[in-house]
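First the structure, in the form of structure tokens, and then the observations on it.
The values are calculated or read from the model by the stated rules, or taken from the named source; none is laboratory data. If you're wondering where the values come from, they're calculated on a predicted model, not measured in any experiment. Heads up, the Cβs are rebuilt from the backbone with ideal geometry, glycines too, and the neighbour counts pull from every protein chain shown.
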Amino acid sequence: MAKLRMGLVGCGLRGVFDPQSVAKTIQGHDAAELVAVADSDPIRAREAAEHLGLGDNYSDLAGMLRRADVEAAYVVTPNPMHAANGIDVLEAGKHLMLVKPMGMTLEECDCVLAAHRRSGKTMMIDSQIPFGQVARKAKDLIRAGAIGRPVTTWDVQGRGKYRSGLSEWRFGQAGGIFFETLIHTLLFHRWLFDRPAARQVWAWGEKTFFQEYAYPDVVWAHVEMEGPISSVLGENHLMDRFFSSRVVVGTQDSLYFERSRLLLGGKTKPPEVVFETDEGPRTGLAHSIRHFVESVQSGREPDLTGEDGRAATEIALAANRAMETGQPLALPLVQVAR
Ligand SMILES: NC(=O)c1ccc[n+]([C@@H]2O[C@H](COP(=O)([O-])OP(=O)(O)OC[C@H]3O[C@@H](n4cnc5c(N)ncnc54)[C@H](O)[C@@H]3O)[C@@H](O)[C@H]2O)c1
């Protein structure tokens, strides 16, 4: 099948300049092709095109979207721009791959959902965890009853301090850890357990070290979902190396996630390796792009939909509010200010 011809919106670190950027991943992909890039900063747009060996670049998104050979766009702009840029893409009649978070408020998410319905195009919220082989295997095992009834997840991460070179918006407009990074975990849990509704969110956070960061740099949350499944997730930005621990605990056994391995066991037997892959840790983006292309070409709904993006934004908003008030929040939220 012909490659999907894509444009890129947002030529920053993740979009273009990181070693495993979106642009470079599309350029190395066998299912997609990068035809043009756009950035509101004309110098950045030109530098990006040069860096990628592309002729065409736009500081005017509408100009790129007028091109008939741009069939789809990947939006990877700052968090507060996602909804507006996503709507531009859909209204131009193009398929949309929108990086997480879908929006900063429920109103923004609802506007994107409405634009998506009007467009009749494919829209996917991009987060990579569900597209790795370990995650796919885990979902198959859970569906097959391998752990009994899933009861709870324990999902914690530690990251090194913020890198230099990050843009200003990251420190005051990104929404904090729940919007920036734990939203991947929220989207993953929703996918893994077939979209249970979240009922209540508790959260705690403290700003300890990074005074230039407007948000707590240590957080945890407890999310109660239909099932019932309760999810405990946490993250800190104080560790000097990446740390991650992910377990799904069931009534019979548990699934222990390692980078390239999945272990099953607990109550009925000691944990043993049930799946191992040699795929690298950074292949998730190539997999999620493939899934998007297949969704466009088949007309099937992608695994991470706009409704999933809205649900994750809702939990992130509730967690931020719960951190402020010290009180649990019941969902669904009617309206929570940014
Ligand atoms: N694993 C992941 O999914 C992952 C990883 C890293 C970053 N991200 C996300 O990627 C996004 C971008 O992060 P980054 O670090 O590349 O940011 P960045 O600040 O380096 O880049 C953003 C770019 O968007 C441009 N821009 C701003 N407003 C625009 C507009 N209206 N139209 C077009 N271009 C515009 C800016 O000029 C800049 O070049 C963020 O939403 C971040 O959360 C996702």
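What to note about this one:
- Strands (runs of 3 or more DSSP E) contained in segment 66-183 and holding at least 1 residues within 16 Å of the ligand (Cβ to nearest atom), within 16 Å of the chain's Cα centre (by Cα) and assigned by TED's automatic domain parsing to the domain that holds CYS11: 72-75, 95-99, 123-126
- Verdict on GLN27 being within 11 Å of the ligand (Cβ to nearest atom), over 21 Å from HIS116 (Cβ atoms) and surrounded by fewer than 21 Cβ atoms within 10 Å (Cβ to Cβ): no
- Between VAL201, VAL232, VAL218, the distinction of being within 24 Å of VAL248 (Cβ to Cβ) and in contact with a helix residue (DSSP H, G or I) (Cβ under 8 Å, 6 or more places away or on another chain) belongs to VAL201 only.
- For segment 30-50, a tally of residues being under 13 Å from MET64 (Cβ atoms), out of contact with any Lys or Arg (no Cβ under 9 Å at 6 or more places or on another chain) and more than 12 Å from the ligand (Cβ to nearest atom) returns 1.
Here's the yes/no breakdown for (1) surrounded by fewer than 21 Cβ atoms within 10 Å (Cβ to Cβ); (2) among the small types (Gly, Ala, Ser); (3) touching a residue at least 60 places away in the same chain (Cβ under 8 Å):
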residue: PHE242; (1), (2), (3): yes, no, yes
residue: SER260; (1), (2), (3): yes, yes, yes
residue: LEU263; (1), (2), (3): yes, no, no
residue: ASP278; (1), (2), (3): yes, no, no
residue: GLY284; (1), (2), (3): no, yes, yes
residue: ARG310; (1), (2), (3): yes, no, yes
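- Among residues of segment 1-51, those that are part of a strand (DSSP E or B) and either touching a residue at least 40 places away in the same chain (Cβ under 8 Å) or within 19 Å of GLU168 (Cβ to Cβ) (or both), counted: 7
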